[in-house]
Amino acid sequence: MTEEPTENSVRVLIISQLFPPESMGGAHRWQKLAQNLPEEVEPHVLAPPPIVPLGTFERSSHLWESGEIDGVPITRLWTYQPTNDDWTGIGRILNFTIFALFASLYVFTHWWRYDCIVSFIGPHSTLLPGFVGRAFGRSWIVDIDDMWIDNAADLGFVSRDSLTHQAVEKLESYAFVLADGITVITQTMAEQYAAKHEMQAADFVVIPNGIDVERFAPSDGSTTSDRSIVYTGKLGQAQAFEPFFRGFAQLDTTYSLRIVGFGDRREELEELTRELAINDRVSFEGPVDREEIPAILQSAALAWVPLKTTHSLDYARPTKLLETMAAGTPYIASQVAEIETVTADSGAGRAVENEPQKVANAMDELIANDDDRVRAGRRGTVFVAENHQWSVLGKRAGDMIFAGINTTSTALLD
């Protein structure tokens, strides 16, 4: 990919707070979508220096760095890079805000080079440079993979009556009015946003997260020799770990549990394993390179996808769920609306209430019958191949970009 546009090309600037080599959340979403866009679309990513997981990357002092990641051009703009000590407070706010301001300045000085701006949220701060691009007549797509401000309020990080929450809600509302297209990751999310802003679910285009189906393909063996249950991902406040740990404590002692990930709840969970006297069967392995995740999932008997159902997470179809399915490993997941839909459509696992006995029963049911477990795993692989291939989703994102540009061009002519 070149910096100068080719004849008849469409230049797209993608603004994302997270981007590889970061591994958190949707960091890889626009890396993969960009790689799979139609040939005439030339993407360029704007992102801050990588910081997640905290302490993994060296802090950058460069105001501006340009390069490529797997063929996708990227410009990194300096922002404050917090440490573990200030990530949960002012450090995170500074990280988001400074990047949004510098990204807005970048768009202000380079708007003429792009036909379309994509703001990937959350956080909502990436909307600011999108507003700038829209003011200069650029097409604008808002892509959402997380109900960020709603989750923050439900988890107690911000009050719904606070000026911060109200400001973000207004920002979101204005963006939805001005944007040429709004994409979300699930139909449930479309319905939730439609109800929140008095819109129609049809006003949103569903582009789910994809999976590298070849990389996560099941191993050659029809059954696993490993007797481990695995969780991969963040140890965060949105995960319903306690009923899952208490359910695991009721299982046959020949099974082990691998916790592969990072987050601020590790000490809490380690203490819980000691309380339940299962610490000899549970290993906390910390974050690993994403290249290792497929093998971890492929070798496991079951995978966990625990989510708190008392918060507004009904829209969530987590990447860890899709990776587990692609690897042919059945799952035990919390009973949120979108996961219930996937489970009903695929038959690839069990969606259960966050109650220890029910979690234990579901795990025991799948573990007890290898044939049922293998069939569930195979159904998951088929479901992901049919619904979550990046090549198909990249084309869908391209169609959205073309439609947005056509809408903007028509409006300017009128």
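Considering the options 83, 21, 38, tell which one lies farthest towards the positive end of the dipole of segment 15-93, charges being +1 on Lys and Arg and -1 on Asp and Glu at the Cβ, about the Cα centre. My answer, from the dipole projection, is 83.
With respect to the cross-link table entries 196/308; 234/358; 234/395, which display a Cα-Cα separation exceeding 25 Å? With Cα atoms farther than 25 Å apart: 234/395. In a reduced charge model with +1 at each Lys and Arg Cβ and -1 at each Asp and Glu Cβ, the chain shows a dipole moment near 220 debye about its Cα centre. Going 7 Å from the Cα of residue 403 in the Cα-to-Cβ direction, what parts of segment 20-64 have a backbone nitrogen less than 17 Å from that spot? Only 37-38 fall inside the zone, counting backbone N under 17 Å. Shape summary of segment 145-208, radius of gyration then Dmax from alpha carbon positions: 12.0, 33 Å.
For segment 24-172, what proportion of DSSP beta bridges, expressed in % and rounded to the nearest 5, is antiparallel? If we restrict to bridges inside segment 24-172, about 40 percent are antiparallel. DSSP finds beta bridges in the chain, and of those with both partners inside it, around 10 percent are antiparallel.
Based on the mean of other beta carbon atoms within 10 Å per residue, what is the order of 173-186, 331-344, most packed first?
Values: 173-186: 19.1, 331-344: 21.4.
For the peptides 173-186, 331-344, the packing ranking is 331-344, 173-186.
Each other residue within a Cβ distance under 14 Å of residue 37 adds +1 if Lys or Arg and -1 if Asp or Glu, for a net charge of -2. Shape verdict for segment 91-182, please, from the Cα gyration tensor: rounded (a/c under 1.5), prolate (a/b greater than b/c) or oblate. Note, shape of segment 91-182 comes out prolate. Only one residue of 243, 205, 157 has its Cα farthest out toward the positive end of the dipole of the chain, where Lys and Arg carry +1 and Asp and Glu -1 on Cβ, and that residue is 157. Of interest is the spacing of the C-alpha centroids, which for segment 95-174 and segment 231-306 amounts to 34 Å. Within the full protein context, the accessible area of residue 101 is estimated at about 100 Å² for a probe radius of 1.4 Å. From the largest down, the chain spans 68, 42, 42 angstrom on the principal axes of its Cα atoms. Available extension along the chain between residue 238 and residue 97 is 48.4 nm, counting 0.36 nm per residue and deducting the alpha carbon span.
The values are calculated or read from the model by the stated rules, or taken from the named source; none is laboratory data. Bear in mind the structure is a predicted one, so any value in this text is a computation, not a measurement. When we count neighbours, we look across all protein chains shown, and the Cβ atoms used for this are built from the backbone with ideal geometry, even at glycine. With ligands, DNA and RNA removed, areas are computed over all heavy atoms of the protein, side chains included. Shrake-Rupley method; radii C 1.70, N 1.55, O 1.52, S 1.80 Å.
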